[in-house]
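In what follows, a single structure is set out as structure tokens and then discussed.
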Amino acid sequence: MYIQRYTITLTTDADGDAVSYSPVVSGLISQIRYVKTDFADGVDFTVTLESTGESVWAESNVNASATRAPRQSTHTQVGVVINYAATFPVYEKIAVSQDRIKVVIAQGGNVTTGTLIVVME
């Protein structure tokens, strides 16, 4: 297994908003690590795939550095969610094929910075 790590640095505008992108990547998203530098407490993250808009991570009011391992539900051929033992959803890593990861933040504070590290396999 080949592990890749991409760093996405964001700097907010005066309104506390920022948008940034990874380079074009392919693989499975294993985890996303938010490293707080000086973003204000309560920052909102929306992470998607640029060309498809597929959601990777969306969380509001994040106050400290955090690591997330985003997953998506698996489905049958007819679109029904697959459950283990009829009650527990089965999740898989999110696949990316020649796309950029788009990071949008809000409420980050006036001209502040923060970093996301995306780990892929």
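Each value in this text was obtained by applying a stated rule to the coordinates, not by laboratory testing. Computed from a prediction, not measured in an experiment: that's the story for all the values here.
For the range 70-87, in order, what is each residue's ³J(HN,Hα) by Karplus, 6.51 cos²θ - 1.76 cosθ + 1.60 with θ = phi - 60°, in whole Hz (x at glycine and Pro)?
x, 9, 10, 5, 9, 9, 6, 5, 9, x, 8, 4, 8, 10, 8, 6, 6, 10
Taking amide H positions as placed 1.01 Å from N in the peptide plane, with prolines and chain starts having none, which residues 5 or more places from R100, or on another chain, fall under 5 Å of its amide H?
Counting only residues 5 or more places away or on other chains, the set is V25, E50, S51.
How large is ³J(HN,Hα) for each residue in the range 104-121, as worked out from phi by the Karplus curve 6.51 cos²θ - 1.76 cosθ + 1.60 (θ = phi - 60°), to whole Hz, x for Gly and Pro?
Rounded to whole hertz, the list is 10, 10, 9, 6, x, x, 6, 6, 10, 10, x, 9, 10, 10, 9, 9, 10, 10.
Using amide H atoms built 1.01 Å from N in the peptide plane, name the residues 5+ places from E54, or on other chains, whose amide H lies under 5 Å from its own.
Long-range HN contacts for E54: L49.
Quantify how much of the Cα-Cα distance distribution of the chain extends past 23 Å, in percent.
Numbers: 2532 of 7260 pairs.
Of all Cα-Cα pairs in the chain, 35 percent lie more than 23 Å apart.
In terms of modelled amide H atoms, which long-range or inter-chain residues lie less than 5 Å from the amide H of Q31?
Hits under the 5 Å cutoff: V119.
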